[in-house]
């Protein structure tokens, strides 16, 4: 197999591993909810906007929060890909410079943590936009 194909496959494998790890960390349903139903994803809020009787102000603020986070997350995803690509290129060296690879992995993990922090901050903002009654309704869905 050509060197370029190996590198692309390796990067793809690393990204798949990252995505799978992220999915497991986030849980796969209410039984694995790390925040125990105290935070609500925007898609759930919007799916039930009629039942929640969201005001125009709430809807607009939710939309703004989601758009803001999406833009910030995109930047960190580029950093993440770049760090993993550097690590994969460094792994092609012989001998492998362990410190150099670990620096790239650390940069990738830092980018991943920034993304998670942005996402949790958005969820907190969304929760603060909801009334107690709206939160109770969303909790009852779980």
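Values computed for the structure shown
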quantity: Filter pass, residue 33 being in contact (Cβ under 8 Å) with a residue 24 or more places away in the chain, more than 20 Å from residue 140 (Cβ to Cβ) and surrounded by 12 or more Cβ atoms within 10 Å (Cβ to Cβ); calculated: no
quantity: Any hit, the stretch 100-111, residues being out of contact with any strand residue (DSSP E or B) (no Cβ under 7 Å at 6 or more places or on another chain), assigned to a loop (DSSP other than H, G, I, E, B), without any contact (Cβ under 8 Å) to a residue 12 or more places away in the chain and over 19 Å from residue 66 (Cα atoms); calculated: no
quantity: Which numbered condition residue 22 misses (of (1) assigned to a helix (DSSP H, G or I); (2) within 26 Å of residue 128 (Cβ to Cβ); (3) modelled with pLDDT of 90 or more); calculated: (3)
quantity: Residue list for the stretch 124-142, restricted to those being in a helix (DSSP H, G or I) and surrounded by 12 or more Cβ atoms within 10 Å (Cβ to Cβ); calculated: 124, 125, 126, 127, 129, 134, 135, 137, 138, 139
quantity: Any hit, the stretch 114-123, residues being exposed (fewer than 15 other Cβ atoms within 10 Å of the Cβ) and not in a helix (DSSP H, G or I); calculated: no
quantity: Residue within the stretch 79-97 that is exposed (fewer than 12 other Cβ atoms within 10 Å of the Cβ), part of a helix (DSSP H, G or I) and either touching a helix residue (DSSP H, G or I) at 6+ places or on another chain (Cβ under 9 Å) or free of Cβ contacts under 8 Å to residues at least 40 places away in the same chain (or both) present; calculated: no
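The values are calculated or read from the model by the stated rules, or taken from the named source; none is laboratory data. Since this is a predicted model, take the numbers as computed values, not measurements. Methodologically, a virtual Cβ is constructed for each residue, glycine included, from the backbone with ideal geometry; neighbour enumeration extends over all protein chains shown.
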